[in-house]
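The values are calculated or read from the model by the stated rules, or taken from the named source; none is laboratory data. These figures come from a predicted structure and were not determined experimentally. Using ideal geometry, Cβ is built from the backbone for each residue, glycine included, and neighbour counts are taken over all protein chains shown. To get the accessible areas, we keep the full protein, side chains included, count just its heavy atoms, and leave off ligands, DNA and RNA. Shrake-Rupley method; radii C 1.70, N 1.55, O 1.52, S 1.80 Å.
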Amino acid sequence: VATSPTMVMRLALLAATAAIASAAPRMTEEEFLGKWGHIVQRVEPVRVNPFDVLVNKIKVGMKNFGYTNEELAKLDNGLSSAAFNKAVEQLKDDMTEEEFLRKWSKHMTGKALVRDDPAPGPNPFDLLIQAIQQITSAWQSIVNAFGSKYEEQLLESHLNNGWSKYKEATKVFKGAGLAYEKTDEFFADIQGMVGIPDQYKDDFNQQIEWIKFFDNVTWSEHDTQFSQGKGGDDTIFTMYARNREDDQKIDVLFLTCAQSFELADDYFVISEHKSILGGLFDNTKIKFKKKAAAISDTDLMFVSEYFSLLAYQQIALAEGVSAPPDPQFPQSTAVRV
């Protein structure tokens, strides 16, 4: 059948339009932070600064040699200034988080975690931190119970004994005072940042209503695990939330993980559990799932609870509370490499 030049041009235009749509970029972490920075901040793990340790050792030694406190203070200021200037030089190209932390300042009221002058009153994350501390204080028994419960899944999973690589690829963000009227837009930006497939975006948004079901003394955890494409590019997104119905706001803490794993193609599952008044989180339950028949609920629960353990450790590190060590599963239940 002959094809006219006009028809050829139309077909070429349709093909180009489809290619542009399929190549639409995901929202990056930097873009997300640039937009929601008045509510959410990236939380860095609290670590001992080796520079401070070295400076203290130098100061102790010099004091023993008769240097005055004034002389030591000048030394301290000089060293700190030099270290600060060097750090600034190293970070000049990495300013995109500031763009994230600017967007929503006009809409923020109450306790803004990114301000230098936090509002008076209790920390909105106190109950969550209390729950994490209860978990970490019983860490080894919880790890042992997990290893015993999922022995077969640990042996057959594709997580490849990779606790350290998932830990290094995980980032923690938190923010207080997300207004109800902004939740749709906020969740849409999270979808873009973590790569929720288009066909599951409405399902992902169901969490907004689930969060509003709880009261202000409950922290709910919502784990979303999904396939980003064929070939083992699976990931998980973990969100903790507290509903403040009285002032129509939500406090959130969430974790992203850049390290993917392999479970199955084309599935989307959300599981949930909760902590009340800072108590231990209850049993995990699957709230929503679209999955292939080959994946069992036990497989899904294993992945969800594995990454919950990782989240507990990362939150403890981020909040500067006593953090548990990397789990040591019994040898008989070690993940296959």
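Label-to-label distance for Ser296 and Ser148 is 1.9 nm, based on points extended 7 Å past Cα in the beta-carbon direction. List the trypsin sites (Lys or Arg not before Pro) in region 175-234 that DSSP assigns to loop (not H, G, I, E or B) and whose Cβ has at most 12 other Cβ atoms within 10 Å. Which are they? Those satisfying the criteria are Lys230. Residues Arg242, Arg26, Arg42, sorted by accessible area with the largest first, give Arg26, Arg42, Arg242 [1.4 Å probe; ligands and nucleic acids excluded]. In summary, the convex hull built on the alpha carbon positions of region 248-319 has an orientation-averaged projected area of 6.5 nm².
Length gained on full extension, Asp215 to Asp184: 9.2 nm, using 0.36 nm per residue less the C-alpha separation. For the residue pairs Lys149/Lys290; Lys249/Lys285; Lys249/Lys291; Lys165/Lys249; Lys171/Lys287, the alpha carbons lie more than 28 Å apart in Lys249/Lys291; Lys165/Lys249.
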